[in-house]
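To start, the structure under review is shown below, and the notes come after it.
Please treat every number below as a calculation from the coordinates, not as lab data. Everything quoted here is computed from the prediction, not taken from an experiment. Methodologically, a virtual Cβ is constructed for each residue, glycine included, from the backbone with ideal geometry; neighbour enumeration extends over all protein chains shown.
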Amino acid sequence: MLYHFSEVSDIQVFIPREKQNRAEFPAVVWAIDEEHEYSYYFPRDCPRIICKKTDTISAENNEKFFKHSNADIIITLESSWYPRIMNQIIYRYHFDDTNFELFEATAGYYISYEVTKPLHIDRMEGLIERLFKKGIELRFTPNLYPLREAILTSDFKEFGIHRFNNATKV
């Protein structure tokens, strides 16, 4: 099963479209697998950094990014987004994976060049509690730039930086 997350509750059909930040890429429908769906338990425009601990993490990166945590996944968000996250309702659209192909395994992204109809729609609230139930640690900070800089200047590879253009400018 694959999913698409939206703040819109009544999408009847997903039509392939071009992504603004990938002008050279063909129009597609994007989906995510169940293992990685947690990365979309947020308002669409919410900037966030996701760090994932793997078996191959170096001792240095473990110390740098996971010190004082037993969690394998840490999501860091800007504090100003907390009220919106607490009150956010999102909709999880279920897709048959037949017409999708794996695009990026690390993030769990799939794409389809076909018009896609959802099989089912779930209304989801209590997003922070859902993350906690998955054993994910949430961290809030006034600004994401220091963490982003630390990641990008390291050799750490198991991360995702989402909607960073909406982060508070330094």
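Before moving on, here are some points about what is shown:
- Whole-Å semi-axes of the ellipsoid equivalent to segment 80-170 (Cα gyration tensor, √5λ, descending): 28, 21, 13
- Global geometry of segment 28-126, whether rounded, prolate or oblate, following the gyration tensor of its Cα atoms and the 1.5 cut on a/c: oblate
- Kirkwood hydrodynamic radius (C-alpha pairs) into Stokes-Einstein, segment 2-166, 10 °C and 1.306 mPa s, D in µm²/s: 93
- For segment 1-71, the set of trypsin sites (Lys or Arg not before Pro) satisfying both a DSSP loop assignment and a count of at most 13 other C-beta atoms within 10 Å is given as 19, 22, 67.
- Of the residues 39, 112, 154, the one that moves most in a GNM of the chain with alpha-carbon contacts below 10 Å is 154.
- Considering only 119, 144, 131, the Gaussian network model of the chain with Cα springs below 10 Å gives its largest mean-square fluctuation to 119.
- Loop GluC sites (Glu not before Pro), segment 7-40 (other Cβ atoms within 10 Å of the site Cβ: 15 or fewer; DSSP): 7, 18, 24
- Footprinting exposure proxy ranking of 159, 103, fewest other C-beta atoms within 10 angstrom first, gives 103, 159.
- With a Cα cut-off of under 18 Å and a minimum spacing of 8 residues unless on different chains, the lysine pairs in the chain number 12.
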